[in-house]
Amino acid sequence: MTQQVVKVAKKGEDAHSTDPNDFVFHSEYNTFKIIKEDTKQITLLASTADQSFSESHLKGFVPLVTAFAQRNGQSQVFAPNSFDVEAWGAKLGMSGDIKFNYVSSNSSSIVFNFDNNNGSPSVVNIRYFLLEKI
Amino acid sequence: MGQVIKIALPGYDAFTDTDPDHFSLYVDNDDSNDYILIKEKTNATIEVSGTENVAHNLSYIPFCLVFAETTSGVWRKLYSHPINSSGFWFEINSTNLVLRNDSGTARDFSYYIFYDNVT
């Protein structure tokens, strides 16, 4: 029996191409599905490092999680392993004193970890995506 | 009118909706964007102590996702060299996905390599 394939080539590319980069979609290759998308607002304690915030996901397996943080009232979004501003200087009034250390997950919950070097509490909005099973 | 292939998510009208976030597949030749779906090449879990090279055989730098089991059952998404001294990180070149564990204790790493070229 002939293998059936569904392919959608990028504009200007040949649908018979053998290069996976020429396709928007190719049924022989898995594409990641967003199985959950949500937001969480947290308040970081003043002048405190290594603060963890947990969120239940109820999936029953360890999901692949990607997350982005936004200091309340600011437009910039930052990913884990980064500060909230560019390293070479504060921008647009942001002081760079919040660090999004990491996001991790287990079979029941997600953990977001931050440092706050600011002398006052800071509200941070998180948007996170659960993709597939790790 | 250009060629169109669209698959709407439940609750949205594929004929009238124009927000790509409301579609699982969105292709419209009249739209300047391709809205490419990333394509997985392979994934695996391996134990890493020090440096492990995973050959991807693509001859270009592919998009990758990497996670480390930092404690039993807890998986952390990794990036480039860590700013919090965890010792877990990765880098990608045109030959290998390079997994790094400088923590001094062997850990399981789970990785995904995609066909999508990032350069």
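The values are calculated or read from the model by the stated rules, or taken from the named source; none is laboratory data. Quick caveat, the model's predicted, so the values are computed rather than measured. Reconstructed Cβ throughout: ideal geometry from the backbone, glycine too, with neighbour counts over all protein chains shown.
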What number goes with the only condition from (1) of a type outside the set (Ser, Thr, Tyr); (2) exposed (fewer than 11 other Cβ atoms within 10 Å of the Cβ); (3) facing another protein chain (nearest Cβ under 10 Å) that A:HIS16 does not pass? (3)
For segment A:58-78, name all the residues that are at pLDDT below 90 and either more than 17 Å from the chain's Cα centre (by Cα) or surrounded by fewer than 16 Cβ atoms within 10 Å (Cβ to Cβ) (or both). A:ASN72, A:GLY73, A:GLN74, A:SER75, A:GLN76, A:VAL77
Qualifying residues in segment A:113-130 (those that are within 14 Å of another protein chain (Cβ to nearest Cβ) and buried (at least 17 other Cβ atoms within 10 Å of the Cβ)) - the one nearest to the chain's Cα centre (by Cα): A:TYR128
Every residue from segment B:98-118 that is of a type in the set (Gly, Ala, Ser) and within 13 Å of another protein chain (Cβ to nearest Cβ): B:SER110
Going through segment B:44-57 in order, the residues found to be more than 9 Å from chain A (Cβ to nearest Cβ) and assigned to a strand (DSSP E or B) are B:ALA44, B:ILE46, B:GLU47, B:VAL48, B:GLY50, B:THR51, B:GLU52, B:ASN53, B:VAL54, B:ALA55
Could you list all residues from segment B:79-110 that are part of a loop (DSSP other than H, G, I, E, B) and touching a residue at least 24 places away in the same chain (Cβ under 8 Å)? B:ASN93, B:SER94, B:THR95, B:ASP102, B:THR105, B:ALA106
The one condition B:ILE83 fails out of (1) facing another protein chain (nearest Cβ under 10 Å); (2) at pLDDT 95 or above; (3) farther than 30 Å from B:ILE5 by Cα is (2)
Mind telling me which of the residues B:TYR35, B:TYR60, B:TYR12 ends up being under 29 Å from A:VAL6 (Cα atoms), more than 11 Å from chain A (Cβ to nearest Cβ) and in a loop (DSSP other than H, G, I, E, B)? B:TYR12
Hey, any hits in segment A:30-53 for a residue that's closer than 30 Å to A:GLN3 by Cβ and over 19 Å from the mean Cα position of the chain (by Cα)? yes
Can you tell me which residue within segment B:83-108, out of those that are within 14 Å of the chain's Cα centre (by Cα) and crowded, with 19+ Cβ neighbours inside 10 Å, is farthest from A:ASP115 (Cα to Cα)? B:LEU97
Among strands (runs of 3 or more DSSP E) entirely inside segment A:1-85, those with 1 or more residues being without any contact (Cβ under 8 Å) to a residue 60 or more places away in the chain are A:7-9, A:23-26, A:48-56, A:63-71
